[in-house]
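One structure below.
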Amino acid sequence: MGLWPEHISHAERYAVAREWVQALKRLWQEERVTFHGRYVHLEDCVSNPKPLQKPHPPIMCAGNSATGLRCTVEEAQAAFMNAPTHAEAAATSRRAKRIAVQLGKSIKTYAMVMIIPGQTDAAALLRMEDYNTGVDMVALQAGVANHLREIEQAQAHGEAVIPTLQRRIDRATVPDPYIPGYPYVGSAVSIARQLQEVIIDGDFDGFVLTFPDFIADLQFFGQRVLPLMADAGFARPLYQVSIK
């Protein structure tokens, strides 16, 4: 959105974020804070009321690059990732947990997943084909100029090009839907199996779920998929609650 000066590289943005988070943690825990870093300066600052969670609320970061993952593991409690394939999501999750082990820490990993359910696998695939056919190519390509600028800045600072930026540019030239998170498509049994596989492959702790038809698909997931996950030991069992 044009908020960053041209001279600040991708890696340096994480340096800014790291300092800000470190200052924030102190404000959450200490009565008065004086903090002077390279980017953040606080002089006798007070932040009240303090959070109920101790020592502070859990922090989640969505950095998926090498720099982003390391910053996440060092400063946060959870890593949030959005990958275009099952294999890449699993690999990124495993990479975050390896970094945590190297640092003597732990990290939880969560992925964004689009659920496209159907009564059968064929019916669900037809739904996704409809989304393919109706993709808004103008909207899809709107971000290309910004992605190209980010790549140019990375190259100017001697940084490796972030793979996700190049993939977004590639996807903006083909009639393929920009589904947020790798789509899990199929019947209840198929979706449950796909989720179980990526949990095992990536050692995931959870997901952020999105649905094309939010109410109907969410009900389908809760009534048909989640019980299968619970039966297999991958989720807590559902309890029916009646409100009078």
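Derivation of every value follows stated rules applied to the coordinates shown; laboratory data play no part. These figures come from a predicted structure and were not determined experimentally. Methodologically, a virtual Cβ is constructed for each residue, glycine included, from the backbone with ideal geometry; neighbour enumeration extends over all protein chains shown.
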Query raised in the report: In debye, nearest 20: dipole of the range 39-90 around its Cα centre with unit charges on the Cβ of K, R (+) and D, E (-)?
Result: 180
Report summary line: If each part is reduced to its alpha-carbon centroid, the range 185-229 and the range 68-137 end up apart, in Å, by 13
Query raised in the report: If the cut-off is a Cα-Cα distance under 22 Å, which lysines reach LYS25, setting aside same-chain residues fewer than 8 apart in sequence?
Result: LYS50, LYS54, LYS105, LYS108
